[in-house]
Amino acid sequence: MNVFRFVLLLCFLGLRQGFAQPIYQGTKPEVLFTAPVEQAFLTDFATKFKADFDAPSQYTKLQSSGIDAWEMTLFDSRKAQSAFYKSYPQVNQFSAEFKHYVEACIRWNYWHLLLAYPIIRGNVQTTLPGLLSLPSVMVDELATLSVNDEAAMPAEPYQNFLFFYVTYFNSKARNFAKYTPKDTQNSMTDKATFARQHLTGKPYQYALARVLVENCERATPSSVREVFGLLGNTPNSANYVTVVKARCGEVMARKDEPVVAVADKKKPIDPNVFSFVNQIGESVTLGDFKGKVVYLDVWASWCGPCRAEFPFSKQLHERLTKKQKEQVVFLYLSIDDTEDAWKKALNMLQLPGEQGWSKGGWRSQTVQHFDIKSIPRYILINKSGQVADNDAKRPSMIDAIWQDILKLMAE
């Protein structure tokens, strides 16, 4: 791998939340910018600022930060990046196209991570009826910028920005109310409509493709087909169509299904909801854990925040005495797209407790039953098979979740 591609992977090509495969189909930066002086700059820039562009870790950080502190962190980071770029000794040797690329990375990474704040926190905090509205003073500057910037398309931060721009401002048009299972069919088409009203050309085309690959397994097949049709009508869309078909083709081939009822805390959970396959191919249901407290961890191999919690989960498990281990089940339920991806991750992670794969990914019974919008998701189930906490604390909140588990064990 040459220096330029290495830098891109470290700095500008952070994994997307929920979808790790890049979908941008335009000319790649490594083709556009090959001058040694430009590659040298990117190497130096990545050495100093790579953490700022690591999307998964930034998504994790924002979940434990207040909005004012988060915005100040982003502001200071952007200021430092800009100062480094403008004072670089060979900056006058950069091509105009390269300057636009670097400036786009700096500018749109700020806006990408600011708009991501309410979306990601809202998805994690599933009990909240709506998303956080960013203070107007924080987003006023965005109105002065040209968000439809075709020249910025090679910059990964701009691609990330487009997705969160559409998602956030579509939510604003709904007064930040979350989509319920009953109106989930409107989610994808609403976002596509917003994109059509505010974007054109390549940014519009990319936004449609990104909305599809990020959301198709949570949307109704009919709405996916509708938005896919819009994408197919954009000029020179063949490459995007191929990528979206690979990700969403199976969904589009289905018929719309009735919405699965959301879990009722007062009633024992239907054991069939937890009909899944364990690592040796056996079918397992909730009934197999009757009389025990279940700490359910819904995850996937591609989920960075999920993996970040596993060391704490192991610490939590190690607190159990032999007698307590007979009363508590740590159940790790993967929603990976394939069984192979799940098993490869298991071999690497060596998680303690019970393991399972919920076939169907974002369309699995478990995801729909608990109305899961993002992962990791933690759920506590009492000895009677009832949901005790539909949005339980994370393993990293180790003392608090430990007390919650002890309380259920004593009931």
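List of remarks:
- Axis of helix 156-173 versus longest Cα principal axis of the chain: the two differ by about 60°, to the nearest ten degrees.
- Among the trypsin sites (Lys or Arg not before Pro) in the stretch 189-255, those placed in a DSSP loop whose Cβ has at most 12 other Cβ atoms within 10 Å are Lys255.
- DSSP beta bridge pairing in the chain, given as percent antiparallel to the nearest 5: 50 percent
- Under 5 Å, built H, 5+ apart or other chain: amide partners of Ser334: Trp299, Gly356, Trp357, Ser358
- Protection proxy ranking, highest mean first, for peptides 367-373, 280-286, 331-337, 384-390: 331-337, 367-373, 384-390, 280-286, where packing is the per-residue count of other beta-carbon atoms within 10 Å, averaged.
- Evaluating 6.51 cos²θ - 1.76 cosθ + 1.60 at θ = phi - 60° for every residue in the stretch 85-93, the Karplus couplings come out as 5, 5, 9, 4, x, 9, 4, 6, 8 Hz, glycine and proline recorded as x.
- Helix 221-232 vs. the chain, principal-axis angle (Cα, 0 to 90°, nearest 10): 10 degrees
- Projected onto planes of every orientation and averaged, the convex hull of the alpha-carbon atoms in the stretch 107-248 covers 8.3 nm².
- Taking only the C-alpha atoms of the stretch 271-410, the Rg (one decimal) and the largest Cα-Cα distance, Dmax (whole number), read 13.8, 38 Å.
- The fewest-to-most ranking of Asp256, Asp149 by surrounding Cβ atoms within 10 Å reads Asp256, Asp149.
- Note, ³J(HN,Hα) from phi for the stretch 237-243, Karplus 6.51, -1.76, 1.60, rounded to Hz, x at Gly and Pro: 9, 3, 5, 5, 4, 4, 5
- Hz values of 3J(HN,Hα) by residue in the stretch 46-55 - Karplus curve (6.51, -1.76, 1.60), Gly and Pro given as x: 5, 4, 8, 10, 4, 5, 5, 10, 7, 4
- Cα-based helix-to-principal-axis angle, 185-198 vs the chain, degrees rounded to 10: 10 degrees
- Where the Cα pairs of the stretch 3-252 fall when distances are cut into 10 Å bins, in %: 7, 31, 36, 21, 5, 0
Here, each number is a calculation from the coordinates, and none is a lab measurement. The structure presented is a predicted model; accordingly, all values stated were derived computationally and were not measured. Glycine also receives a Cβ, built like all others from the backbone with ideal geometry; neighbour counts cover every protein chain displayed.
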